[in-house]
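Colleague: First, the structure itself, so that you have it in front of you.
The values are calculated or read from the model by the stated rules, or taken from the named source; none is laboratory data. Fair warning: this is a prediction, and the values are worked out from it, not measured in the lab. Neighbour counts are summed over all protein chains in view; Cβ atoms, including those assigned to glycine, are modelled from backbone coordinates with ideal geometry.
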């Protein structure tokens with residue numbers, strides 16, 4: 001009888017570990033956020049990239065100016081995060097591939113997913129660089 005109980009305990013613990021692993025791969029949690037901000041304040045011009053997935057949607061324009069035939073890649077893109085609620089991008093702003101914004105702020109040192117990121121699909125997006133901006137200027141839309 002004792003061996004039977006131990007086998008059940010082991011099975012339950014194993015099932016909990018497996019379920020926790022899959023949950024953390026699918027659901028966004030607190031640990032998915034980046035935590036450490038860089039000391040360097042930057043002003044960058046970024047264009048919106050309309051991916052058909054839950055991917056980082058902003059790309060610095062220096063990729064296009066330094067390489068005229070550049071094709072956007074997800075590895076070069078980043079997320080943006082408002083430094084405060086008053087400074088968020090307007091909800092009525094329609095993002096297109098022509099949307100170009102100048103952001104001033106800092107990159108996080110570690111990669112992650114911004115807290116206010118709105119996913120398109122059901123799965124957790126990939127971790128990427130996150131730029132926390134203090135101010136922005138809409139250059140074109």
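Residues checked against (1) at negative phi; (2) at pLDDT 85 or above; (3) out of contact with any helix residue (DSSP H, G or I) (no Cβ under 8 Å at 6 or more places or on another chain); (4) assigned by TED's automatic domain parsing to the domain that holds residue 111:
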| site | (1), (2), (3), (4) |
| --- | --- |
| 28 | yes, no, yes, no |
| 58 | yes, yes, yes, yes |
| 61 | yes, no, yes, yes |
| 77 | yes, yes, yes, yes |
| 92 | yes, no, yes, yes |
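Colleague: Do you know which residues across the stretch 30-42 are in a helix (DSSP H, G or I), exposed (fewer than 13 other Cβ atoms within 10 Å of the Cβ) and modelled with pLDDT of 75 or more? Show your work before the answer.
Modeller: Taking the stretch 30-42 and keeping what is in a helix (DSSP H, G or I), we get 30-32.
Going one step further and asking which of them are exposed (fewer than 13 other Cβ atoms within 10 Å of the Cβ), we end up with 30-31.
Matches in the stretch 30-42: 31 only.
Colleague: Which of the residues spanning the stretch 87-108 are part of a loop (DSSP other than H, G, I, E, B) and surrounded by 14 or more Cβ atoms within 10 Å (Cβ to Cβ)?
Modeller: Step one: list which residues in the stretch 87-108 are part of a loop (DSSP other than H, G, I, E, B), which gives 88-99.
The answer is 88, 89, 95, 99.
Colleague: Looking at this structure, is residue 130 out of contact with any helix residue (DSSP H, G or I) (no Cβ under 6 Å at 6 or more places or on another chain), surrounded by fewer than 19 Cβ atoms within 10 Å (Cβ to Cβ) and within 28 Å of residue 29 (Cα to Cα)? Before the answer, list the steps.
Modeller: Working: out of contact with any helix residue (DSSP H, G or I) (no Cβ under 6 Å at 6 or more places or on another chain): yes; surrounded by fewer than 19 Cβ atoms within 10 Å (Cβ to Cβ): no; within 28 Å of residue 29 (Cα to Cα): yes.
Spelling it out, it is not the case that residue 130 is out of contact with any helix residue (DSSP H, G or I) (no Cβ under 6 Å at 6 or more places or on another chain), surrounded by fewer than 19 Cβ atoms within 10 Å (Cβ to Cβ) and within 28 Å of residue 29 (Cα to Cα).
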